[in-house]
Amino acid sequence: RNGNNSYELPYNIILFEPTYRVYAYAPYDMKASVETINAIEVWTRGTNNYLYGSCEVTPSNPKANIEMHSALAKLYFTISTDSKESISLGYINLRNANWQSETEALSINGKLDLATGKITPVPVSGHDGILLNMPNTPIYDGVHANAEMLVIPTSFKDGEIEISVSVNNELIRTTLPATTWEAGKTYEIPLKVNVETNKAKIGDYYYSDGTW
């Protein structure tokens, strides 16, 4: 590594063909090879991102300038309440509502194709979804909390994904409406919790550019 987000190979490669395509990805996977560029292992628990990119080089211009892209979608939660008294958040858990289903609306494992950036989900039987700790985070009327979570892109129907929020050591659950989460995009999800009724309400969520 030379700094400024640039890398130099520790050895020389002689280029014979007119053009070559150079692939880059992060984080590093020691099991990856030329034969597995369409199946890079992906495991996500909400905080780790997966980046990919590629460009062509030639013998006369061997320098590869690669723009990296996120293979995951970002969820940006705003958690609020009407409670006048301060309440304490513990964590957010996103999981499949029907964990016995053969199909998974929410995946935590997949194979990344570096050529396309597409992740093909790999089912993980009975997984507990993605948990994001928010220990002792206070919220009350007029004061909210924010949380970010990275997920494998997916499309799902009403009620297929459940969100649980730990509030004052009690769980408040609701489900998400049908939508599609695409790679490289951010989705803002407003979530209002009511400790008296033990219910949560999802507002309209949308792209970071303001479109739904």
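The values are calculated or read from the model by the stated rules, or taken from the named source; none is laboratory data. Not measured: the values here are computed from a predicted model. Note that we place each Cβ from the backbone using ideal geometry, even for glycine, and neighbour counts take in every protein chain shown. With ligands, DNA and RNA removed, areas are computed over all heavy atoms of the protein, side chains included. Shrake-Rupley method; radii C 1.70, N 1.55, O 1.52, S 1.80 Å.
Summary of computed values
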| item | result |
| --- | --- |
| When region 63-212 is reduced to its Cα atoms, the Kirkwood hydrodynamic radius in Å | 16.4 |
| Derived scalar couplings ³J(HN,Hα) [region 118-123; Karplus, 6.51 cos²θ - 1.76 cosθ + 1.60; whole Hz; x for Gly, Pro] | 7, 9, 8, x, 10, x |
| Test item: Cα-centred dipole of the chain, Lys/Arg +1 and Asp/Glu -1 on Cβ, debye | 200 |
| Difference of contour (0.36 nm per residue) and Cα-Cα distance, residue 157 to residue 85 | 22.4 nm |
| Solvent-accessible area per residue for region 56-104 (1.4 angstrom probe, square angstrom) | 59 |
| Portion, in percent, of the accessible area of the chain that falls on carbon or sulfur, probe 1.4 Å | 49 |
| Karplus 3J(HN,Hα) series, Hz, for region 11-18 with 6.51 cos²θ - 1.76 cosθ + 1.60 (x for Gly, Pro) | 8, 8, 10, 7, 9, 9, 7, x |
| Per-residue ³J(HN,Hα) for region 178-195, Karplus 6.51 cos²θ - 1.76 cosθ + 1.60, θ = phi - 60°, Hz, x for Gly and Pro | 4, 5, 10, 9, 9, 4, x, 10, 10, 10, 8, 10, x, 10, 10, 10, 10, 6 |
| Heavy-atom accessible area ranking, 1.4 Å probe, most first, across 141, 82 | 82, 141 |
| Rounded if a/c under 1.5, otherwise prolate or oblate - region 22-77, Cα gyration tensor axes | oblate |
| Region 156-194-region 1-79 distance, computed between alpha-carbon centres (Å) | 31 |
